[in-house]
Amino acid sequence: MKMRYIGTTDIEASVVSLGAWAIGGGPWWGASDTAESIGAIHAALDAGINMIDTAPAYGLGRSEEVIAKALAGRRDKVIIATKCGIWWQDKRDVIAFEVEGETAYKSLSPETIRQEIEMSLRRLNTDYIDLYQTHWPVTKEGSYLIEDTMACLLELKSQGKIRAIGASNVSIAEIEAYQAVGVLDTLQPRYSMLDRSIEQELLPFCIKNTISTLAYSPLEQGLLTGKFGMDYSLDKDNTRNGRPWFRPENRHKVLQMLSQWQDLTQQYHCTLSQLVIAWTIAQEGVTFVLCGARRAEHAIANAKAGDLTLSEEDMQRMRTDVLLLGEPV
Ligand SMILES: NC(=O)c1ccc[n+]([C@@H]2O[C@H](COP(=O)([O-])OP(=O)(O)OC[C@H]3O[C@@H](n4cnc5c(N)ncnc54)[C@H](OP(=O)(O)O)[C@@H]3O)[C@@H](O)[C@H]2O)c1
């Protein structure tokens, strides 16, 4: 497994890391079995993955709790990345979404963050978080600014409650506001070979500023594994419904593209998922790839892609095929 440093810290994490959103289950992903999820986490660690990304919002606390159970006795071997800024205990700044009968709010006020960190530490059964990230920016004109959020995160760092600071789903202007106050170590943007919008500005900016990136949904929530055929239909609340590439007319084109890469999977003795993950890791500016998995066999297979190196020529061929798809309709 290739390892890389987080930002300018001395924290080393695996290029393929485990995404624990689906482990939280709920209507977005359908029920997740706790024992199976714990098996997936153990399998990931045994296969060389050492970073797990989660958030309080994933299953309204369930993902963090399952991780705590899985890490009993192994906490010091693992980089835990969790988040703040989605709050459902009472009414706060801006409505984010409704799920499982709860209304969740976006709030990154120092008051919210100070309460959230204690809840995450408790759920995760630990006294420190390795990487603490703001989940979504809060756009409300309000009583606090990004500067206040960052000052609060720096305070948590000086107290030893967190080791590194990150932000997710932010723009360059927002990153600059964080950086005006202190060091932002990581960015967590959406990035897959089908969704490359951050290649233009955000990734070059991160390279220039030594900010590590944790690319999320690299498998387009499973579409790029090739396992969702044309006959697959989604439940109404399934998170994949929101992804344009899952629409039948677009899915058809993606499946056709993937079917043309059989010679590549044979040449590299790998699966489609591994080919896609290896391609994603190799893109300039991408530091870590967060691969979601809640089954041991998926975690093990994804980890193997951390050792796979594709030739420049093959990666260029894959990029050309992706470009030929055009934009989803
Ligand atoms: N910051 C944010 O706003 C944000 C947003 C989205 C995601 N994330 C993070 O990024 C992580 C990854 O993103 P994601 O979970 O949305 O999508 P993803 O990694 O692109 O896809 C994950 C899903 O693909 C399927 N899968 C994974 N590996 C597979 C394999 N080897 N073979 C067959 N199927 C496989 C599994 O579906 P099944 O379990 O259904 O089989 C899995 O749940 C999340 O878990 C989360 O940590 C962050």
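Odds and ends about this structure:
- Taking amide H positions as modeled 1.01 Å from N, with prolines and chain starts lacking one, the residues under 5 Å from Ala215 and 5 or more places away or on another chain are Thr287, Phe288, Val289, Leu290.
- Folded to 0 to 90 degrees: helix 110-124 orientation relative to the chain principal axis, Cα: 60 degrees
- As a rough footprinting exposure proxy, the listed residues Glu111, Glu313 were ranked by other beta carbons within 10 Å of their own, and the order from fewest upward is Glu313, Glu111.
- For Lys69, the lysines whose Cα falls under 19 Å of its own Cα, not counting residues fewer than eight places away in the same chain, are Lys77, Lys83.
- Among the trypsin sites (Lys or Arg not before Pro) in region 100-141, those located in a DSSP loop and surrounded by at most 15 other Cβ atoms within 10 Å of their own Cβ are Lys140.
- Taking 0.36 nm per residue of sequence separation and removing the Cα-Cα distance, the Thr271/Lys77 pair yields an extension gain of 67.0 nm.
- Loop-located trypsin sites (Lys or Arg not before Pro) across region 1-92 with a Cβ neighbour count of 16 or fewer within 10 Å are Lys2, Arg74, Lys91, with loop assigned by DSSP.
- Spatially, region 166-236 and region 1-61 are offset by 16 Å when compared through their Cα centroids.
- If the Kirkwood radius is taken over C-alpha pairs of the chain, then at 20 °C and 1.002 mPa s the Stokes-Einstein diffusion coefficient equals 106 µm²/s.
- DSSP finds beta bridges in the chain, and of those with both partners inside it, around 30 percent are antiparallel.
- Scalar couplings 3J(HN,Hα) for region 13-18, obtained by applying the Karplus form with A = 6.51, B = -1.76, C = 1.60 to θ = phi - 60°, are 10, 6, 4, 8, 10, 9 Hz; x denotes Gly and Pro.
Any read-out appearing in this document is the output of simple, stated calculations on the displayed coordinates, not a laboratory observation. In this text the structure is predicted, and so the values were computed from the model without any measurement. Virtual Cβ from ideal backbone geometry, glycine too; neighbours counted across all protein chains shown.
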